[in-house]
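Structure record follows, encoded as C-alpha cells.
The values are calculated or read from the model by the stated rules, or taken from the named source; none is laboratory data. Just so it is clear, the structure is predicted and the values come from calculations on it, not from any experiment. Note that we place each Cβ from the backbone using ideal geometry, even for glycine, and neighbour counts take in every protein chain shown. Ligands, DNA and RNA are excluded from the accessible area calculation, which covers all protein heavy atoms including side chains. Shrake-Rupley method; radii C 1.70, N 1.55, O 1.52, S 1.80 Å.
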Amino acid sequence: MNSSPSSSDPGHRADALLCRVSGESASVAVLLHPTGNGRRLRLVSERTGLSALLDATVLEALCALTPSAATALVRAAVQRETPG
C-alpha cells in the first residue's frame, strides 16, 4: 500500500528539479523526491521517460564502482534496451 500523501494533501511536497545532465546521446533530469523514509534522487530519462529512485545506499554503492565496473554496468543496460 502506498503511504505517501496524495497531491491534494496540503502538506504534500512535490519533486524539486535539481539539474539536468546531458551528453551527446542522453539527457536526464535529476530531481529530489521526498518520501516517508527520507529523500531520494529521482532520475528521469528525457528520451524514454523511464525513471529510477536512488536512495543513499545505492548512491554510496555507485561511488565505490571503478571506472571499468561502471562502464560494464552501463554497457549491460544499453545492450538490454537494444532490440536483438
**Q.** Accessible-area order (highest first, 1.4 angstrom probe) of the listed residues Glu81, Glu60, Glu46, Glu24
**A.** Glu24, Glu60, Glu81, Glu46
Q. In the neighborhood of Asp55, defined by Cβ-to-Cβ distances under 13 Å, what is the net charge if each Lys or Arg adds +1 and each Asp or Glu adds -1?
A. +2
Q. How long, wide and thick is region 22-84, going by the Cα atoms along their three principal axes, in whole angstroms, largest first?
A. 40, 27, 22
Q.
Per residue, how much accessible surface does region 13-71 expose to a 1.4 Å probe? Answer in Å², no decimals.
A. 72 Å²
Q: Arrange the residues Cys63, Cys19 by how much accessible surface each exposes, largest first, with a 1.4 angstrom probe.
A: Cys63, Cys19
